Amino acid sequence: MILARVVGTVVSTRKEEKIKGIKFLLLEKIDPVTLQGKGDYLVAMDCVGAGKGEIVFYVSGSSARMTAITEGKPSDAAIVAIVDEIEVDGKVVYQKDAVVTT
Amino acid sequence: MILAKVVGTVVASQKNDGITGGKYLLVRACDTRGREKGEYLVALDLVGSGRGEVVLISQGSSARQTEFTYQKAIDCVIVGIVDRIEENGQVVFRKEEGR
(Lines give C-alpha, C1' and ligand atoms only; values in the text may rest on other atoms or scores of the structure.)
Protein backbone atom coordinates (compact mmCIF):
# COMPACT_ATOMS: atom_id res chain seq x y z
CA MET A 1 0.00 0.00 0.00
CA ILE A 2 1.16 3.56 -0.57
CA LEU A 3 0.79 6.63 1.65
CA ALA A 4 -0.89 9.72 0.21
CA ARG A 5 -2.72 12.86 1.29
CA VAL A 6 -6.29 13.65 0.20
CA VAL A 7 -5.86 16.96 -1.64
CA GLY A 8 -9.18 17.24 -3.42
CA THR A 9 -12.10 15.59 -5.10
CA VAL A 10 -12.86 14.64 -8.70
CA VAL A 11 -16.42 14.79 -10.01
CA SER A 12 -17.49 13.04 -13.19
CA THR A 13 -21.13 13.03 -14.22
CA ARG A 14 -20.79 11.13 -17.49
CA LYS A 15 -19.05 7.91 -16.53
CA GLU A 16 -19.14 4.17 -16.83
CA GLU A 17 -22.40 2.83 -15.52
CA LYS A 18 -20.82 0.58 -12.92
CA ILE A 19 -18.98 3.30 -11.06
CA LYS A 20 -21.94 5.54 -10.44
CA GLY A 21 -22.40 6.57 -6.83
CA ILE A 22 -18.76 6.11 -5.87
CA LYS A 23 -16.75 9.00 -4.44
CA PHE A 24 -13.46 9.84 -6.22
CA LEU A 25 -10.79 11.59 -4.22
CA LEU A 26 -7.70 13.31 -5.57
CA LEU A 27 -4.59 11.93 -3.81
CA GLU A 28 -1.03 13.18 -3.79
CA LYS A 29 1.68 10.68 -2.82
CA ILE A 30 3.76 11.86 0.14
CA ASP A 31 7.21 11.25 1.54
CA PRO A 32 6.42 9.58 4.87
CA VAL A 33 9.36 11.22 6.67
CA THR A 34 8.85 14.82 5.59
CA LEU A 35 5.11 14.44 4.83
CA GLN A 36 5.78 16.61 1.75
CA GLY A 37 3.78 15.98 -1.40
CA LYS A 38 5.77 14.36 -4.22
CA GLY A 39 3.79 16.00 -7.03
CA ASP A 40 2.55 12.57 -8.07
CA TYR A 41 -1.24 12.50 -8.20
CA LEU A 42 -3.90 9.86 -8.71
CA VAL A 43 -7.64 9.46 -8.41
CA ALA A 44 -8.82 6.78 -6.00
CA MET A 45 -12.20 5.43 -4.97
CA ASP A 46 -12.97 6.22 -1.35
CA CYS A 47 -13.88 3.15 0.70
CA VAL A 48 -13.44 4.62 4.21
CA GLY A 49 -14.93 8.12 4.14
CA ALA A 50 -11.61 9.97 3.98
CA GLY A 51 -11.66 13.75 4.26
CA LYS A 52 -9.62 16.52 2.67
CA GLY A 53 -6.13 16.92 4.15
CA GLU A 54 -6.15 13.50 5.76
CA ILE A 55 -3.29 11.07 5.20
CA VAL A 56 -4.47 7.69 3.93
CA PHE A 57 -3.10 4.60 2.28
CA TYR A 58 -4.54 3.00 -0.80
CA VAL A 59 -4.29 -0.32 -2.65
CA SER A 60 -3.88 -0.55 -6.41
CA GLY A 61 -4.36 -3.11 -9.11
CA SER A 62 -6.74 -6.01 -8.61
CA SER A 63 -6.67 -5.59 -4.82
CA ALA A 64 -8.54 -2.34 -5.35
CA ARG A 65 -11.57 -4.44 -6.29
CA MET A 66 -11.54 -6.38 -3.03
CA THR A 67 -13.84 -4.08 -1.09
CA ALA A 68 -17.63 -4.19 -0.90
CA ILE A 69 -17.81 -0.81 -2.69
CA THR A 70 -15.43 -1.61 -5.56
CA GLU A 71 -16.11 -5.31 -6.08
CA GLY A 72 -16.65 -6.13 -9.77
CA LYS A 73 -16.02 -2.54 -10.76
CA PRO A 74 -13.37 -1.04 -13.02
CA SER A 75 -11.37 0.26 -10.05
CA ASP A 76 -7.59 0.05 -9.78
CA ALA A 77 -7.07 2.36 -6.79
CA ALA A 78 -9.05 2.24 -3.55
CA ILE A 79 -8.46 4.12 -0.30
CA VAL A 80 -8.62 1.49 2.44
CA ALA A 81 -7.34 3.27 5.55
CA ILE A 82 -7.18 6.66 7.23
CA VAL A 83 -3.82 7.00 8.97
CA ASP A 84 -3.77 8.02 12.64
CA GLU A 85 -0.03 7.91 13.21
CA ILE A 86 3.24 7.35 11.37
CA GLU A 87 6.35 6.45 13.34
CA VAL A 88 9.76 6.39 11.69
CA ASP A 89 12.90 5.19 13.52
CA GLY A 90 11.12 5.51 16.85
CA LYS A 91 9.93 9.08 16.24
CA VAL A 92 6.27 9.95 15.61
CA VAL A 93 6.39 12.04 12.44
CA TYR A 94 2.65 12.31 11.95
CA GLN A 95 -0.36 12.31 14.24
CA LYS A 96 -3.83 12.85 12.94
CA ASP A 97 -5.62 15.93 14.35
CA ALA A 98 -2.47 16.93 16.26
CA VAL A 99 -2.09 20.70 16.44
CA VAL A 100 0.80 21.49 14.07
CA THR A 101 3.24 23.77 15.89
CA THR A 102 5.85 25.08 13.49
CA MET B 1 9.77 -9.87 -4.49
CA ILE B 2 11.86 -6.91 -3.44
CA LEU B 3 14.21 -6.41 -0.51
CA ALA B 4 13.18 -3.70 1.94
CA LYS B 5 14.13 -2.45 5.39
CA VAL B 6 11.54 -1.98 8.14
CA VAL B 7 11.81 1.71 9.09
CA GLY B 8 8.67 2.34 11.12
CA THR B 9 5.00 1.67 11.75
CA VAL B 10 1.71 3.02 10.43
CA VAL B 11 -1.34 3.07 12.70
CA ALA B 12 -4.81 3.33 11.12
CA SER B 13 -7.90 2.68 13.20
CA GLN B 14 -10.40 3.64 10.50
CA LYS B 15 -9.87 0.96 7.88
CA ASN B 16 -11.95 -0.66 5.21
CA ASP B 17 -13.91 -3.54 6.76
CA GLY B 18 -11.87 -6.16 4.93
CA ILE B 19 -8.53 -5.31 6.45
CA THR B 20 -9.08 -4.71 10.13
CA GLY B 21 -6.47 -6.10 12.50
CA GLY B 22 -2.92 -6.88 11.45
CA LYS B 23 0.23 -4.82 11.91
CA TYR B 24 1.19 -2.32 9.21
CA LEU B 25 4.86 -1.48 8.95
CA LEU B 26 6.56 1.29 7.02
CA VAL B 27 9.28 -0.23 4.84
CA ARG B 28 11.72 1.26 2.39
CA ALA B 29 13.25 -0.57 -0.58
CA CYS B 30 16.92 -1.36 0.08
CA ASP B 31 19.96 -2.64 -1.81
CA THR B 32 21.53 -6.06 -1.34
CA ARG B 33 23.57 -4.74 1.59
CA GLY B 34 20.45 -3.57 3.42
CA ARG B 35 21.05 0.11 2.74
CA GLU B 36 17.82 2.04 2.33
CA LYS B 37 17.13 3.58 -1.04
CA GLY B 38 13.99 4.06 -3.05
CA GLU B 39 10.31 4.12 -2.38
CA TYR B 40 8.48 3.76 0.91
CA LEU B 41 5.65 1.26 1.19
CA VAL B 42 3.11 0.31 3.82
CA ALA B 43 3.28 -3.46 4.20
CA LEU B 44 1.12 -5.81 6.22
CA ASP B 45 3.46 -7.78 8.48
CA LEU B 46 2.70 -11.50 8.52
CA VAL B 47 5.94 -12.71 10.11
CA GLY B 48 6.57 -10.50 13.13
CA SER B 49 9.27 -8.28 11.68
CA GLY B 50 11.08 -5.68 13.76
CA ARG B 51 12.44 -2.26 12.93
CA GLY B 52 15.78 -2.34 11.15
CA GLU B 53 15.26 -5.82 9.79
CA VAL B 54 15.62 -6.54 6.07
CA VAL B 55 12.53 -8.27 4.78
CA LEU B 56 11.02 -9.80 1.64
CA ILE B 57 8.07 -7.87 0.22
CA SER B 58 5.44 -9.35 -2.09
CA GLN B 59 3.18 -6.95 -4.00
CA GLY B 60 0.16 -6.95 -6.28
CA SER B 61 -2.39 -9.73 -6.36
CA SER B 62 0.19 -12.16 -5.00
CA ALA B 63 -0.05 -10.31 -1.71
CA ARG B 64 -3.51 -11.85 -1.37
CA GLN B 65 -2.24 -15.43 -1.61
CA THR B 66 -1.97 -15.93 2.14
CA GLU B 67 -4.47 -17.20 4.67
CA PHE B 68 -4.86 -13.78 6.28
CA THR B 69 -5.01 -11.68 3.11
CA TYR B 70 -7.10 -13.94 0.88
CA GLN B 71 -9.59 -11.76 -1.07
CA LYS B 72 -8.70 -8.75 1.06
CA ALA B 73 -7.93 -5.24 -0.17
CA ILE B 74 -4.17 -5.67 0.39
CA ASP B 75 -1.43 -5.34 -2.23
CA CYS B 76 1.78 -5.38 -0.15
CA VAL B 77 2.85 -7.94 2.48
CA ILE B 78 6.03 -8.92 4.30
CA VAL B 79 6.51 -12.62 3.58
CA GLY B 80 9.92 -13.21 5.11
CA ILE B 81 12.72 -11.85 7.29
CA VAL B 82 16.12 -12.00 5.60
CA ASP B 83 18.97 -13.67 7.49
CA ARG B 84 21.65 -13.63 4.84
CA ILE B 85 22.22 -12.41 1.27
CA GLU B 86 25.01 -13.89 -0.82
CA GLU B 87 25.96 -12.11 -4.01
CA ASN B 88 28.55 -13.45 -6.48
CA GLY B 89 29.87 -15.87 -3.87
CA GLN B 90 30.22 -13.24 -1.19
CA VAL B 91 27.94 -12.78 1.83
CA VAL B 92 26.90 -9.15 1.49
CA PHE B 93 24.30 -9.07 4.26
CA ARG B 94 23.93 -10.94 7.52
CA LYS B 95 21.00 -10.32 9.82
CA GLU B 96 22.66 -9.29 13.08
CA GLU B 97 25.62 -7.46 11.60
CA GLY B 98 23.57 -5.88 8.88
CA ARG B 99 21.37 -3.81 11.24
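The values are calculated or read from the model by the stated rules, or taken from the named source; none is laboratory data. As the structure is a prediction and not an experimental result, all values here were calculated from the model. Every residue, glycine among them, receives a Cβ derived from its backbone with ideal geometry; neighbour counts consider all protein chains shown. Keep in mind that these areas ignore ligands, DNA and RNA; they rest on the heavy atoms of the full protein, side chains included. Shrake-Rupley method; radii C 1.70, N 1.55, O 1.52, S 1.80 Å.
Among the residues of the range A:57-102, count how many are loosely packed, with under 12 Cβ neighbours inside 10 Å, touching a Gly at 6+ places or on another chain (Cβ under 9 Å) and either farther than 19 Å from B:GLN14 by Cα or among the acidic types (Asp, Glu) (or both).
3
Kindly state which strands (runs of 3 or more DSSP E) lie completely within the range A:22-102 and contain at least 1 residues that are touching a Lys or Arg at 6+ places or on another chain (Cβ under 8 Å).
The strands (runs of 3 or more DSSP E) meeting that bar are A:24-30, A:37-46, A:55-60, A:77-82, A:85-88.
Among the numbered criteria (1) open to solvent by less than 10 Å² (accessible area, probe 1.4 Å); (2) among the β-branched types (Val, Ile, Thr); (3) part of a strand (DSSP E or B), which single criterion is violated by B:THR69?
Every condition holds for B:THR69 apart from (3).
Do we find that A:ALA4 is under 14 Å from the mean Cα position of the chain (by Cα) and of a type in the set (A, V, I, L, M, F, W, C) in this structure?
Judged against the criteria, A:ALA4 is a match.
Table: residues versus (1) over 19 Å from A:GLY61 (Cβ atoms); (2) of a type in the set (Gly, Ala, Ser); (3) more than 12 Å from every other protein chain (Cβ to nearest Cβ).
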site	(1), (2), (3)
B:ALA4	no, yes, yes
B:VAL11	yes, no, no
B:ASP17	yes, no, no
B:THR20	yes, no, no
B:CYS30	yes, no, yes
B:LYS37	yes, no, yes
B:GLN59	no, no, no
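Is the range A:5-12 home to any residue that is modelled with pLDDT of 95 or more, more than 10 Å from every other protein chain (Cβ to nearest Cβ) and within 23 Å of B:GLY60 (Cα to Cα)?
For the range A:5-12, residues modelled with pLDDT of 95 or more, more than 10 Å from every other protein chain (Cβ to nearest Cβ) and within 23 Å of B:GLY60 (Cα to Cα): present.
Considering each residue of the range B:71-99, count those that are closer than 18 Å to B:LYS23 by Cβ and more than 14 Å from the chain's Cα centre (by Cα), and give that number.
Residues in the range B:71-99 being closer than 18 Å to B:LYS23 by Cβ and more than 14 Å from the chain's Cα centre (by Cα): 2 in total.
Determine whether the range B:41-58 contains at least one residue that is open to solvent by 40 Å² or more (accessible area, probe 1.4 Å), in a strand (DSSP E or B) and free of Cβ contacts under 8 Å to residues at least 40 places away in the same chain.
no
Please go through (1) of a type outside the set (A, V, I, L, M); (2) more than 8 Å from chain A (Cβ to nearest Cβ); (3) surrounded by 15 or more Cβ atoms within 10 Å (Cβ to Cβ) for B:ARG64 and return the number of the only condition it doesn't satisfy.
Exception for B:ARG64: condition (2).
Would you point out the residue of the range A:52-102, among those that are farther than 29 Å from B:SER62 by Cβ and out of contact with any strand residue (DSSP E or B) (no Cβ under 9 Å at 6 or more places or on another chain), that is nearest to the other protein chains (Cβ to nearest Cβ)?
So, considering only residues that are farther than 29 Å from B:SER62 by Cβ and out of contact with any strand residue (DSSP E or B) (no Cβ under 9 Å at 6 or more places or on another chain), the one nearest to the other protein chains (Cβ to nearest Cβ) is A:ASP97.
Note down all Cβ pairs under 7 Å where the first residue falls in the range A:13-32 and is within 14 Å of another protein chain (Cβ to nearest Cβ), the second is part of a loop (DSSP other than H, G, I, E, B) and not small (Gly, Ala, Ser), and they're at least six residues apart or on different chains.
That search, which allows pairs on different chains as well, returns A:ILE22/A:ILE69; A:ILE30/A:GLN36.
Would you check which residues across the range A:26-56 are over 17 Å from A:LYS96 (Cβ atoms), among the basic types (Lys, Arg) and surrounded by fewer than 17 Cβ atoms within 10 Å (Cβ to Cβ) and list them?
A:LYS38
Given (1) on the phi > 0 side of the Ramachandran plot; (2) open to solvent by less than 30 Å² (accessible area, probe 1.4 Å), identify the lone condition not met by B:VAL92.
(1)
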